[in-house]
Amino acid sequence: MSIEVSSNSPGEPGEPGAALNPPAGAATETKQAAPTGTLPVDKMSRESVTVIVTLLVATFVVILNETIMNVALQRLMVDLRVDAPTVQWLSTGFMLTMAVVIPTTGFILQRLTTRAVFLLAMGLFAGGTALAAAAPGFEVLLMARIVQAGGTAIMLPLLMTTILTLVPLTRRGAVMGNVSIAISVAPAMGPTVSGLILEHFSWRFMFVFVLPIALAALAIGARFLTNVGETEKSRLDFLSVVLTIPAFGGLVYGLSQIGGGHGGDGGPSTLALAALVIGVTGLVAFVLRQLQLQKSEAPLLDLRAFNFRMFTVSVLLMVVAMVALFGAVILLPLYLQEIRGLKSLETGLALLPGGLAMGLLGPAIGRLFDKVGPLPLTVTGSSLMVLALWQFSLLNAGTPVWWIIALHVGLSLGLALLFTPAFTTGLNPLPPHLYSHGSAIMSTLQQVAGAAGTALLVSIFAVVSAGSGLVAGMNAAFLTATIIAVAAVVLSAMMRKTPGAASH
């Protein structure tokens with residue numbers, strides 16, 4: 001990681017990002033400890049670098065786990081005697097849990113110290129990993145994945161909010177680029193690590209090998225992580241937490257059932273339609289509840305972040321990109337294994353170059369963003385994404401594997417050009433009291449978009465495959481993703497460089 005450091009203490013009151021988690025109200029006290037000297041605007045203290053690196057390492061571990069199951073689903077269907085729609089919930093349930101937990105992280109970050117939040121997150125993750133390794137059947141394995149997801153959900157907003165707090169505005173693009181190494185390379189390595197393990201061991205060893213790493217990260221964080229900011233008394237709105245379950249769970253469950261259960265006329269089942277109606281109704285109720293709580297300055301998610309135009313555009317761009325990303329992450333392993341007959345290890349190795357390209361180019365893209373702004377990067381990235389997905393929709397049973405790898409690298413490059421500019425452009429203009437809310441909103445909608453995109457594309461694949469074969473189903477799913485991705489081109493053209501909160 002390339003981060004300039006200074007021996008001065010982290011943060012300077014009055015600079016962008018001087019407070020970690022103030023309450024939602026604007027009239028708040030800065031929570032950062034008093035500095036011992038003036039910090040240059042383009043440098044970070046050694047303590048700040050230590051905190052960020054510690055969180056990055058832990059985030060890498062938990063995100064690696066998020067995709068480690070993707071190439072193992074076929075093996076799990078046989079070993080656990082479950083069908084494809086059921087085993088998909090090991091991935092969809094993980095993302096749904098994150099979508100429910102992430103909105104509560106603003107409250108958690110305010111009530112607990114940085115070390116306490118870290119220990120809670122990694123403790124949940126390590127406990128879930130141990131439970132998964134010993135799971136006697138599918139139900140316990142699914143529960144273990146949900147516990148793991150609880151820890152992962154807390155870690156992501158903690159990392160993003162800490163970066164907004166400690167990193168000077170002029171360095172945020174570069175640091176966000178470094179962060180992309182963790183959030184991009186880890187998912188890319190997941191299928192490869194899983195493939196290597198499944199080639200020689202049972203599926204349990206996917207968790208047996210991760211557990212020591214998680215415990216080591218937990219021990220290192222407990223030893224070296226320092227607190228950023230102070231705790232505050234804040235109130236958790238229980239009704240808002242309850243509403244996240246039907247709002248996000250209903251939408252994704254309904255989408256997943258469209259491909260699994262059908263009515264007598266071949267259309268969606270009554271259960272699927274009911275779940276979608278419940279999801280939409282729950283989402284409307286959740287939004288109305290947050291608008292009501294904003295009057296008393298106590299929302300679970302402060303939706304006033306959407307008053308900033310670039311935040312709104314960036315969030316929408318991230319939603320579209322996550323649909324494309326998770327669709328490819330799920331569909332490509334299915335294509336390579338079901339249609340091309342590749343083994344788990346070969347599938348993981350085929351997907352590795354694209355993921356590595358996405359992550360390793362992150363720092364360079366971050367530095368380029370600091371110089372040229374988001375527009376040229378996002379327009380190029382969204383165009384690459386549409387082109388790659390369209391080519392995926394033309395795959396057949398005889399397409400060369402090297403061409404599939406090249407297309408995946410192209411898709412990964414496009415997503416890399418989108419993610420860092422979208423994160424930074426969206427979060428930059430927020431004032432400090434909206435840092436935790438903005439990062440929580442963005443993280444929540446990413447997970448919901450990924451879960452919904454996965455459910456939608458897998459459902460289309462299942463419906464078309466049942467009548468026209470696997471290749472036709474794959475083509476239809478990727479064509480749908482291509483059409484959705486066109487919206488990213490329009491949104492990318494609206495991106496503009498944003499000033500920091502100090503300019504407001």
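Data for the structure
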item	result
Per-region count, segment 77-111, residues open to solvent by less than 10 Å² (accessible area, probe 1.4 Å) and under 15 Å from E338 (Cβ atoms)	1
Helices (runs of 4 or more DSSP H) lying entirely in segment 316-433 (those with 3 or more residues that are in contact (Cβ under 8 Å) with a residue 24 or more places away in the chain and of a type in the set (V, I, T))	375-392, 401-427
Near pairs, Cβ below 7 angstrom, 6+ apart or cross-chain, from segment 99-113 (under 21 Å from G249 (Cα atoms)) to any residue that is open to solvent by 40 Å² or more (accessible area, probe 1.4 Å)	V100/I245; T104/L236
Test: residue in segment 120-140 that is within 23 Å of F326 (Cβ to Cβ), modelled with pLDDT of 80 or more and open to solvent by 40 Å² or more (accessible area, probe 1.4 Å)	yes
Among the candidates T454, T425, residue that is under 21 Å from Q88 (Cβ atoms) and either open to solvent by less than 10 Å² (accessible area, probe 1.4 Å) or out of contact with any helix residue (DSSP H, G or I) (no Cβ under 7 Å at 6 or more places or on another chain) (or both)	T454
Some residue of segment 173-195 being surrounded by 20 or more Cβ atoms within 10 Å (Cβ to Cβ) and outside any helix (DSSP H, G or I)	no
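Results for (1) over 22 Å from the mean Cα position of the chain (by Cα); (2) of a type in the set (A, V, I, L, M, F, W, C), shown as yes or no for each residue.
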| site | (1), (2) |
| --- | --- |
| L427 | no, yes |
| P431 | yes, no |
| T444 | no, no |
| G450 | no, no |
| V464 | yes, yes |
| A485 | no, yes |
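Yes or no, residue by residue, for (1) open to solvent by less than 10 Å² (accessible area, probe 1.4 Å); (2) modelled with pLDDT under 90:
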position: V320; (1), (2): no, yes
position: F326; (1), (2): no, yes
position: M358; (1), (2): no, yes
position: V372; (1), (2): no, yes
position: P376; (1), (2): no, no
position: M385; (1), (2): yes, no
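The values are calculated or read from the model by the stated rules, or taken from the named source; none is laboratory data. Since the structure is predicted, the reported quantities are computational estimates derived from the model, not experimental observations. Using ideal geometry, Cβ is built from the backbone for each residue, glycine included, and neighbour counts are taken over all protein chains shown. Remember, those area values only see protein heavy atoms, side chains included, never the ligands or the DNA or RNA. Shrake-Rupley method; radii C 1.70, N 1.55, O 1.52, S 1.80 Å.
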